[in-house]
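Just so it is clear, none of the values below were taken in a lab; they were calculated from the coordinates. Because the structure is predicted, anything quoted here is derived from the model rather than measured. Methodologically, a virtual Cβ is constructed for each residue, glycine included, from the backbone with ideal geometry; neighbour enumeration extends over all protein chains shown.
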Amino acid sequence: LLSSSNVEFTSHQLTADLIHAVQVKAGVRIREGRREIPLDKDNSRPQFIIEPPKGGCRVSAAVTVGSDGLTSEEDLDVDRLTTSRSHPMVKNAGLVLDPPLPLANVAPTLIHFPTLFEDRYLVASLRS
């Protein structure tokens, strides 16, 4: 178990185009109290807010990234040629909050959520 509240992944010369499939599962417990999650880069905008009750809240998250039309096993097959794969895409994502939490500022946060990501593939194809 990690004693730190910070986790850092370091990679050397690992770029997104080298990743064909990923399956990640994680779980945390959030202590009681109001938490503001800054999902909007503009601090003047309303931020995403959660307020876990007494006893806290267990959060479980899972995401699967892979190729279109392939099973999870096929996605993670290291012998599969890259020419038989599509561009990686998010195939599944899930979030479970136990106990359920009321969520504040969902709509204003979701409106600006796409600004957190840069789609390099789309930008490159538009330039071509």
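General remarks:
- The simple spin-label model puts a point 7 Å past each Cα toward its Cβ; for Lys25 and Val90 those points are separated by 2.0 nm.
- Shape class for the stretch 33-99: oblate, because the ratio a/c of the largest to smallest gyration tensor axis (alpha-carbon atoms, square roots of eigenvalues) is 1.5 or more and b/c is at least a/b.
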